[in-house]
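Q: If you scroll down you'll find the structure; I have some questions about it.
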Amino acid sequence: VLGFGADPQLSASRQLVEREQEQQGGNTRISFEYRLAVENYGKEATEVRVFDRLPNFANGDDVNLTLGSGFDGLSKDPVYLRIDRPNGILRWDITAEAGTTGEKATLVPYAYTLEFDRNYGLSSEVDDRLKEQFKMQQRERLTK
């Protein structure tokens, strides 16, 4: 949950709604569905820019990213489209109506799918650290 600087009347959250993994032939397919929520506790509607990002891969040829629902509402701002969008930055320009909190929060749902060879592994920086620990433990076991 994020606060918006000097305006404590706004907050945002991001929720992973569903993650589904399946094997299709020689490929692994992982589908993600997220929901961003913006709450406006104020008495006036507020224009808000909501940002998120898609996964970024060092070698994009190894992973196929397919956009699902929710991307038709992305910002049409030409500067955003030229600079940030090609780098996987997502931006929605929305209006958070007054008093939209809890179940009435302004929602920005979106989904995407990753598909890659089943022998290919995806990892994050945290995963890389864990892999290094695992490798060290394996080396120690082999030298005993």
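The values are calculated or read from the model by the stated rules, or taken from the named source; none is laboratory data. These figures come from a predicted structure and were not determined experimentally. Cβ placement follows ideal geometry from the backbone for every residue including glycine, while neighbour counts extend to all protein chains displayed. With ligands, DNA and RNA removed, areas are computed over all heavy atoms of the protein, side chains included. Shrake-Rupley method; radii C 1.70, N 1.55, O 1.52, S 1.80 Å.
Q: Tabulate in residue order the Karplus-calculated ³J(HN,Hα) for region 40-46, using 6.51 cos²θ - 1.76 cosθ + 1.60 with θ = phi - 60°, rounded to whole Hz; enter x for Gly and Pro.
A: 10, 7, x, 9, 10, 5, 9
Q: Can I ask one more? Which residues' amide hydrogens lie under 5 Å from the amide hydrogen of Ala45, considering only partners 5 or more residues apart or on another chain, with H built in the peptide plane?
A: Ala98
Q: Express the carbon and sulfur contribution to the solvent-accessible surface of region 63-112 as a percent, rounded to the nearest whole number, probe 1.4 angstrom. Could you put the intermediate results ahead of the total?
A: Working: 1500 of 2730 Å².
For region 63-112, the apolar C and S fraction of the accessible surface comes to 55 percent.
Q: By the scheme Lys and Arg +1, Asp and Glu -1, what is the net charge of all other residues having a beta-carbon under 15 Å from that of Asn87? Please list the in-between numbers first.
A: Details: positive: Arg53, Arg82, Arg85, Arg91; negative: Asp52, Asp77, Asp84.
Once all neighbours under 15 Å are counted, the net charge is +1.
Q: Given R₀ = 30 Å, what would the calculated FRET efficiency be for Asp61 paired with Val17, taking r from the Cβ atoms and rounding to 0.05? Intermediate results must be reported in sequence, preceding the final value.
A: On the way: r = 29 Å, r/R0 = 0.97.
Here the calculated transfer efficiency is 0.55.
Q: With a 10 Å radius around each residue's Cβ, average the other Cβ atoms per peptide and rank 69-82, 32-45, 14-27, highest first.
A: Working: 69-82: 12.9, 32-45: 17.4, 14-27: 10.1.
Final packing ranking: 32-45, 69-82, 14-27.
Q: Taking a probe of 1.4 angstrom, what is the accessible area of Thr46 in Å², to the nearest 10?
A: 40 Å²
Q: Now for a separate question. Sequence-distant or interchain residues sharing an amide H contact under 5 Å with Leu10, placed H: which?
A: Counting only residues 5 or more places away or on other chains, the set is Phe4, Tyr41.
Q: Here's something else I'd like to know. Run the dipole for region 1-110 about the Cα centre, Lys and Arg Cβ at +1, Asp and Glu Cβ at -1, nothing else charged, and hand back the magnitude in debye, nearest 20. Let's see the in-between values first.
A: Values: 12 positive and 17 negative charges, 30 e Å.
Using Cβ point charges on Lys, Arg, Asp and Glu, region 1-110 gives about 140 debye.
Q: Separate question: Give the distance, in whole Å, between the Cα centre of region 11-60 and the Cα centre of region 86-113.
A: Centre-to-centre distance over Cα atoms comes out at 9 Å.
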